[in-house]
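Here's the structure, in structure tokens; my notes come after.
The values are calculated or read from the model by the stated rules, or taken from the named source; none is laboratory data. No experiment lies behind these values; they were computed from the predicted model shown. Cβ: placed from backbone, ideal geometry, glycine included. Neighbour counts: every protein chain shown. For the accessible areas, the whole protein counts, side chains as well, though only heavy atoms, and no ligand, DNA or RNA atoms are used. Shrake-Rupley method; radii C 1.70, N 1.55, O 1.52, S 1.80 Å.
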Amino acid sequence: MNTAPALARPVFDHLHRLTDGRGLFEHAQYGNPRPEHGYCLDDVARALVVICREPHPSQALQALGRHYLDFTLSAIEADGSCHNRMSVDGSWSDDPAVEDWWGRALWGLGVAAAHAGTQAMCARALLGFRMAARARSPHPRAMAFAALGAGELLTNRGGDELSARRLLGDAVLAIGPSGVDPAWPWPQPRLTYGNGSIVEALLLAGSALPNAETQDRGLQLLEFLLEIETRDGHLSVTPVGGRGPDDTSPGFDQQPIEVAAIADACARAYELTDDRRWLRGVRMAWSWFTGDNDSATPMFDPDTGAGFDGLLRDGRNLNQGAESTLALLSTAQHAQRLALLR
């Protein structure tokens, strides 16, 4: 059941509240930012994706996009590795690496290079993408996140960006082959996190390289993912502890970012195939936020556009951090774009 009013359009008030002159605060206590925890590239890169996806951004949103791009570019080292954590005083508090945040930086930069509101932003994002794409990560999910930026770049700016093509090919290899058990075709023994992003990376690689076999594999894995993460007609996504072949659902706590990744993958599948069955996945993702979930609990504030930090067995985590807010906004964008909010 839907227990919250539909969000007619993404509302960015809370995202503005979480953003200051340096970056995007990672954590919030209820609706209040927690500056003591600083900023992270993971969230800023996700925010860059959301802003650049917005079809008619206001001047205020365009300013946020420039701000997030500046932060992302500042995190990149000459060898392509990236810092993730910045303290509130503006100093990096970690060593550069090629973990998930490196992949998300490439995701954000690829989307910005393809869709940013000005040619200057597109050009700066492309230069940053090329710099970060010098590196490679040993981690499949980091490579999958990077592939999302590479695929978006190739799809929307032509297929001649060599750094993106090479990165996409390497990401497919890093994700690895499907499992040999027909009942568990997932490339790892357990579902963990970012599962929808693994699927979307294969879909984009198959389309952009192009490679029909890779795209078909992505569609098959998406079908598997939707089947295993649907319960009683609604999404019941993999919880923080993961999910294996013998685990029963529902599991808690469920993270909004998992729902957003499913919406991303289903929207991409529909875009590539024009098969309306994938719209159901976007519809279920949006309905999860409005309360059609395992706890029958709305997962966002429709007045501010804030997302709540996790679905619990008996309700929700009332904190409204950046990751969950961006997951809500991203899913709302897909639902709105595909005309599913009526």
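Just a few scattered comments:
- One chain, two ends: residue 34 and residue 318. Fully extended at 0.36 nm per residue, the span grows by 100.8 nm beyond their Cα-Cα distance.
- Rolling a 1.4 Å probe over the protein heavy atoms of the range 219-342, with every protein chain left in place, gives an accessible area that is 42 percent carbon and sulfur.
- Karplus 3J(HN,Hα) series, Hz, for the range 312-324 with 6.51 cos²θ - 1.76 cosθ + 1.60 (x for Gly, Pro): 9, 4, 10, x, 9, 6, 7, 6, 10, x, 5, 4, 5
- Cβ-defined net charge surrounding residue 55, 11 Å radius [Lys, Arg +1; Asp, Glu -1]: +2
- Global form of the range 217-342, assessed from the alpha-carbon gyration tensor, a/c cut-off 1.5: oblate
- Whole-Hz Karplus values for the range 292-308 come out as 8, 9, 5, 10, 6, 10, x, 10, 7, 9, x, 7, 10, x, 8, x, 7 Hz, taken residue by residue from phi with 6.51 cos²θ - 1.76 cosθ + 1.60 and θ = phi - 60°; glycine and proline positions read x.
- Solvent exposure of the range 117-218, expressed per residue, is 42 Å² of accessible area, with all protein chains present and a 1.4 angstrom probe.
- Applying 1/(1 + (r/R0)^6) with R0 = 30 Å to the Cβ-Cβ distance of residue 134 and residue 213 gives a FRET efficiency near 0.60.
- Probe 1.4 Å, protein heavy atoms only - accessible area per residue of the range 253-328 in square angstrom: 32 Å²
- Debye-sum result for the range 232-285 in log10 I(q)/I(0), which assumes one identical scatterer on each alpha carbon, at q = 0.26 Å⁻¹: -0.98
- Here the extension length gained between residue 227 and residue 119 equals 34.7 nm, from 0.36 nm per residue of separation less the Cα-Cα distance.
- Solvent accessible area, Å² - residue 134, 1.4 Å probe, full protein context: 150 Å²
- Computed over neighbours whose Cβ is under 10 Å from that of residue 113, the net charge equals +1, Lys and Arg +1, Asp and Glu -1.
- The phi-based Karplus calculation (6.51 cos²θ - 1.76 cosθ + 1.60; θ = phi - 60°) puts the 3J(HN,Hα) values of the range 137-144 at 10, x, 9, x, 6, 4, 5, 5 Hz, whole numbers, x for Gly and Pro.
- Cβ-Cβ FRET estimate between residue 246 and residue 173, R0 fixed at 35 Å, reported to 0.05: 0.75
- Short-range pairs are left out: with C-alpha atoms under 8 Å and at least six residues apart, the relative contact order of the range 211-342 is 22 percent.
- With R₀ set to 56 Å, the beta-carbon distance separating residue 157 from residue 88 gives a calculated FRET efficiency near 0.95.
- Label zone at residue 276 (point 7 Å along Cα-to-Cβ), backbone N below 13 Å, the range 229-258: none
- Its DSSP H runs of at least 4 residues, each contributing -39,500 (n - 2.57), put the calculated 222 nm mean residue ellipticity of the chain at -16500 deg cm²/dmol, to the nearest 500.
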